[in-house]
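Here the structure comes first, spelled out in structure tokens, and everything after it is commentary.
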Amino acid sequence: MAKSLKRERSKNLTDETIKKIVELLDGWSGKLTWKKLIVEIELHFRTTYTRQTLSGHARV
């Protein structure tokens, strides 16, 4: 029986994190997709969020 790989849960989105993501979006140039945004967030904040999590916040 194969072991399942358990993915570590991302940190909750705080007001400060949302503010930083909005600043990232404000400075965005070029084509914007959810996938590209998620990659940039991972590069800047060393954590990942799903499209569903991000889109659940009106400011994002």
Condition met for Trp28 (surrounded by 10 or more Cβ atoms within 10 Å (Cβ to Cβ) and over 13 Å from the mean Cα position of the chain (by Cα))
yes
Which residue pairs have Cβ atoms closer than 8 Å, lie 6 or more positions apart in sequence or on different chains, and pair a first residue in the stretch 28-47 that is free of Cβ contacts under 8 Å to residues at least 40 places away in the same chain with a second residue that is part of a loop (DSSP other than H, G, I, E, B) and hydroxyl-bearing (Ser, Thr, Tyr)?
Ile38/Thr48; Ile38/Tyr49; Ile38/Thr50; Ile41/Thr47; Ile41/Thr48; Ile41/Tyr49; Glu42/Thr48; Thr47/Ser10
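Just so you know, all these numbers are worked out from the coordinates, no wet-lab data involved. All values reported here derive from a predicted model rather than from experimental measurement. With ideal geometry, Cβ positions are generated from the backbone for all residues, glycine too; neighbour counts draw on all protein chains shown.
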